[in-house]
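Below is one structure, written out as structure tokens; comments come after it.
Coordinate-derived values only; no laboratory data. Values in this document were obtained by computation on a predicted structure and should not be read as measured data. Reconstructed Cβ throughout: ideal geometry from the backbone, glycine too, with neighbour counts over all protein chains shown.
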Amino acid sequence: MAVQIAPVDWQLQQRQLLGVRIAVFVDEQGVPAELEHDRHDARAIHLLATVDDGTPVATARLLPDGHIGRMAVLKNWRGQGIGTAMLRALIGIARQKGQDSVFLHAQCRAEGFYARMGFRGEGDVFDDAGIEHRRMILPLTQDTD
């Protein structure tokens, strides 16, 4: 099945976005459900990946300050490049908006994934919802040649 990735409206697609996030973060990783939805969702740019029949399989968001977060790919869809495609799409959106960098709070077990995409770690490991994370940043230098 082909996967389509597109920006979606939080108000219209909230159920689908949260469905993926709850499956990954709450059900699979044990994050408390009350931490999964926050005040930032309403002002974020959200991406939703769906398959041919419209079933949601992944999500991610970009906040106005360049914070990429809530990257979630359903377990059966991992390893197929969906997360990479979503991350590239968010980086492209940030570039279009003229941001000079993006950052994220990577789960430590996913640092290698983000490092391969050019992100570099900053600072110490910290706990977020019982999972070790590290802040990672990617400068979005504009070519001036």
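Overview of results
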{"read-out": "3J(HN,Hα) from dihedral phi, the range 87-95, Karplus parametrisation 6.51/-1.76/1.60, rounded to Hz, x for glycine, proline", "value": "5, 4, 4, 5, 4, x, 4, 4, 4"}
{"read-out": "Chain lengthening between Leu12 and Gln96 when straightened (0.36 nm per residue, less Cα-Cα)", "value": "27.9 nm"}
{"read-out": "HN-Hα J in Hz across the range 98-113 - Karplus 6.51, -1.76, 1.60, θ = phi - 60°, x for Gly and Pro", "value": "x, 6, 8, 6, 10, 9, 8, 10, 7, 4, 3, 5, 9, 4, x, 4"}
{"read-out": "Least to most buried among His40, His133 (fewest other Cβ within 10 Å first)", "value": "His40, His133"}
{"read-out": "If the convex hull is drawn through the Cα atoms of the range 1-46, its volume per residue in Å³", "value": "88 Å³"}
{"read-out": "From phi via Karplus (6.51, -1.76, 1.60), per-residue ³J(HN,Hα) for the range 71-82 in Hz, x at Gly/Pro", "value": "6, 9, 10, 4, 3, 5, 10, 6, x, 10, x, 5"}
{"read-out": "Shape category assigned to the range 50-109 from the gyration tensor of Cα positions, a/c cut at 1.5", "value": "prolate"}
{"read-out": "Square roots of 5 times each gyration tensor eigenvalue, C-alpha, the chain, largest first, Å", "value": "22, 19, 15"}
